[in-house]
Ligand code: UTP
């Protein structure tokens, strides 16, 4: 059973400046919860009990956020605000170990994942990019872990995208497709429309077999001086079967401002305590 999750959060968050200057992008809230907590909760729901953040020196508020805060808890109880204690110190965090590894310089997502090797060693693990937020009955992670149980291979969450936006994503070349299981025969990072091998893009949820570390070490830096995770997966495909499945549910790209606002509106409309007011606000604006 997969027990460890890697969450790369060391990126600069340029698209969210100036908000991301003193507050990590991952700590910006969708309603009342930091973006990163949605990914952490998704991982815990699937039985993960060790979360390894790949972080940077400027982002220690993430560490503070996942640590139990006894002081504020006592204050809340003293002032009769007991119903906020669960929000402050969620019970589901109690049986989870949070670890933090500093990525010294932002050399790309591949380099970030490689930093987790010392805590993973020789077992399969998952990677969650907190920028991608999902709303679905079965979590995105659940959908790819189920496929990993069947195949014992690396599995990547996928979704179909509008060809006009294909240049923003890692894109797969599908091989054999059987019972909605797609064998991945190749992939390209951010292709031009004319070079895209399909309209199927990679999502920010992965299950990796541990050999990925071996391939990450072989990958050379690209033209922007980054070690791309996609290039390590390409090497893995040459030696092992790698699969993907099309995610069933809603997805928000909270790494972009439009996606972040979209997720905020969608979650506000899903919230029974706000739903009617938000609908009215939207109607009034329009
Ligand atoms: P992005 O490419 O979205 O970069 O990284 P970013 O820095 O978060 O945002 P922008 O593009 O500057 O606005 C995808 C994921 O990989 C992590 C990021 O934190 C994010 O979760 N990452 C990226 C690292 O941890 N280290 C890196 O060197 C690069």
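Values in this text are rule-based calculations from the coordinates and carry no lab data. Owing to the predicted nature of the structure, the values given are computational and were not obtained by experimental measurement. Note: ideal-geometry Cβ built from the backbone for every residue, glycine included; neighbour counts use all protein chains shown.
Quick notes on this one:
- Mean Cα-pair separation over length for the chain, i.e. relative contact order, pairs under 8 Å, 6 or more apart, %: 22
- Sequence-distant contacts, meaning Cα pairs under 8 Å at least 6 residues apart, place the relative contact order of the stretch 142-284 at 27 percent.
- Separation in nanometres of the label points that stand 7 Å from Cα toward Cβ, at residue 279 and residue 265: 1.6
- Computed label-point distance, nm, for sites residue 81 and residue 224 using a 7 Å Cα→Cβ extension: 4.1
- Against the main long axis of the alpha-carbon atoms of the chain, helix 140-151 sits at an angle near 40°.
- Rg over Rh, two decimals, the stretch 94-188 (C-alpha only, Kirkwood Rh): 0.97
- Once the mean of 1/r is taken over each pair of separate Cα atoms and inverted, the stretch 240-286 shows a Kirkwood hydrodynamic radius of 12.9 Å.
- Taking 69, 248, 159 in turn, the Gaussian network model of the chain (Cα-Cα springs below 10 Å) assigns the largest fluctuation to 69.
- Efficiency of FRET from Cβ geometry, residue 164 and residue 3, R₀ 35 Å, rounded to 0.05: 0.30
- Treating r as the C-beta distance of residue 64 and residue 150 and R0 as 41 Å, the FRET efficiency rounds to 0.55.
- Between residue 73 and residue 193, the C-beta separation translates, for a Förster distance of 51 Å, into a calculated FRET efficiency of about 0.45.
- Extension gain for residue 186 to residue 272 (0.36 nm times residue separation, less C-alpha to C-alpha distance): 26.6 nm.
- Choice from 53, 208, 252 showing the highest fluctuation, given a GNM over the chain with Cα pairs closer than 10 Å: 252
- In the chain, the DSSP beta bridges split such that about 60 percent are antiparallel, to the nearest 5.
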